[in-house]
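Trainee: I'd like to ask you about the structure that follows.
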Amino acid sequence: MTYIGIDVSKDSFVAAYPTKGDYKTQKFPNTTSGVRKFIQSLPAECHCVMEATGNYSMLLLYLLQQANITVSMENPQKIKHFARAMLSTTKTDEIDAKLIAMYGEKMEPAPYKIPSESIIQLKQKRTVLRQLKKQLTMMINLQHSLSVLPKQDPTAKVATEQTIKFLRKQISKLEDEITHLSNKEFKRQMELLTSIKGIGENIASALIMATGGFTYFSSAKQISRFLGLCPTYQQSGTSVNFKGHINRNGDTHLRSQLYIVAVASIKCNAACRDTFVRLRERGKSGKAAIIAVANKLIRIAFAVVTNNRPYIDGYVSTLA
């Protein structure tokens, strides 16, 4: 198998092809014609490897998979740590592409599963929704700061009020569309997830988006690690031996949502409440106990979806 390393940027990408004892690189425009030219240059039985660079890599990823070429998309942190292990001190697009090709040869990453069209649409809507909410908060704060002035400009006041009204309308519209599309494409999963006390439609659709409809991961622990909710632990010899914080990878916004949901679940979900009380009695801090509850919710969500059974609060298995 020939591993091709690809370093993607906004307007172009650099590909590194292995040769005898070295690599040759070539630059292509990050356009449809550029990607097709790159595909024509690929040898038989090749495996392309690239970093996850958001929207800039999606066209390349899509056209490679349309051409039935195996492609992996790796977390940039993995490539960064690999470069450190290789004692790389220089950073250019060409060197990065070579390092990515070397990473592919050494690590043999798994092929990437491109999200379904519904997941892609949901993610776009959710990204825009987050930005609109940030703008709404900013405009409300601005409106408040202007309202305390001794004399407020009428034009500025009207513009602020109209902008806030527009943002609220767009936010409401996007939230409705996300809920509608989630219920349409993932109706059964939405029913199962919302059967869990504490999880509503918003967090259910967010979990579906993050996990590709629970198809990207084979265990709840993998989801927790992906979302950055797994606790870290460091031990080495006799001088280093302590538990750290959560790993904080993945979607910061979704992680914050899960934390809030975990707080609410303590009041309405028996299993979550028992977990929280038990950990607090063992001396865990309130924050650590809430993180454990968030992980509990992820395990419950994974279980109800994979087993295709709605959640029963307080259910105790009779199996040995």
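The values are calculated or read from the model by the stated rules, or taken from the named source; none is laboratory data. Because the structure is a prediction, the values reported are computed rather than measured. Note that we place each Cβ from the backbone using ideal geometry, even for glycine, and neighbour counts take in every protein chain shown.
Trainee: Among the residues that make up region 53-61, is at least one of them in contact (Cβ under 8 Å) with a residue 24 or more places away in the chain, over 27 Å from the mean Cα position of the chain (by Cα) and within 23 Å of K113 (Cα to Cα)? Outline the logic, then answer.
Mentor: Step one: list which residues in region 53-61 are in contact (Cβ under 8 Å) with a residue 24 or more places away in the chain, which gives 53, 56-57, 59-61.
Pick out the ones that are also over 27 Å from the mean Cα position of the chain (by Cα) and you get none.
Checking region 53-61: not a single residue is in contact (Cβ under 8 Å) with a residue 24 or more places away in the chain, over 27 Å from the mean Cα position of the chain (by Cα) and within 23 Å of K113 (Cα to Cα).
Trainee: Restricting to helices (runs of 4 or more DSSP H) lying wholly in region 93-207: which have 2 or more residues that are polar (S, T, N, Q) and under 23 Å from L258 (Cβ atoms)?
Mentor: Numbers: elements: 93-107, 117-147, 154-185, 187-194.
In region 93-207, the matching helices (runs of 4 or more DSSP H) lie at 117-147, 154-185, 187-194.
Trainee: Follow-up. Quick one: which strands (runs of 3 or more DSSP E) lie wholly within region 1-61 and hold at least 3 residues that are surrounded by fewer than 18 Cβ atoms within 10 Å (Cβ to Cβ)? Lay out the reasoning, then the answer.
Mentor: Details: elements: 2-8, 12-19, 22-29, 46-51.
In region 1-61, 22-29 are the strands (runs of 3 or more DSSP E) which contain 3 or more residues that are surrounded by fewer than 18 Cβ atoms within 10 Å (Cβ to Cβ).
Trainee: While we're here: Can you run down the residue pairs with Cβ atoms below 8 Å, 6 or more apart or on separate chains, where the first is in region 239-260 and part of a loop (DSSP other than H, G, I, E, B) and the partner is of a type in the set (D, E, K, R) and at pLDDT 70 or above?
Mentor: What qualifies is N247/R225; R248/R255; N249/R225.
Trainee: With K296, K267, K284 as the choices, which residue is surrounded by fewer than 14 Cβ atoms within 10 Å (Cβ to Cβ) and either over 26 Å from the mean Cα position of the chain (by Cα) or assigned by TED's automatic domain parsing to the domain that holds K221 (or both)?
Mentor: Numbers: K296 fails: surrounded by fewer than 14 Cβ atoms within 10 Å (Cβ to Cβ); K284 fails: surrounded by fewer than 14 Cβ atoms within 10 Å (Cβ to Cβ).
Exactly one of K296, K267, K284 is surrounded by fewer than 14 Cβ atoms within 10 Å (Cβ to Cβ) and either over 26 Å from the mean Cα position of the chain (by Cα) or assigned by TED's automatic domain parsing to the domain that holds K221 (or both), namely K267.
Trainee: Right, here's the next one. Across region 78-92, what is the total count of residues that are without any contact (Cβ under 8 Å) to a residue 24 or more places away in the chain and in a helix (DSSP H, G or I)?
Mentor: First, pick out the residues of region 78-92 that are without any contact (Cβ under 8 Å) to a residue 24 or more places away in the chain: 80-81, 83-92.
Keeping just the survivors that are in a helix (DSSP H, G or I) gives 80-81, 83-85.
The total comes to 5.
Trainee: Another question, if that's okay. So how many residues does region 62-89 have that are under 28 Å from R248 (Cα atoms) and surrounded by fewer than 16 Cβ atoms within 10 Å (Cβ to Cβ)?
Mentor: Residues of region 62-89 under 28 Å from R248 (Cα atoms): 71-89.
Restricting the remaining residues to those that are surrounded by fewer than 16 Cβ atoms within 10 Å (Cβ to Cβ) gives 75-78, 80-81, 84-89.
Qualifying residue count for the region: 12.
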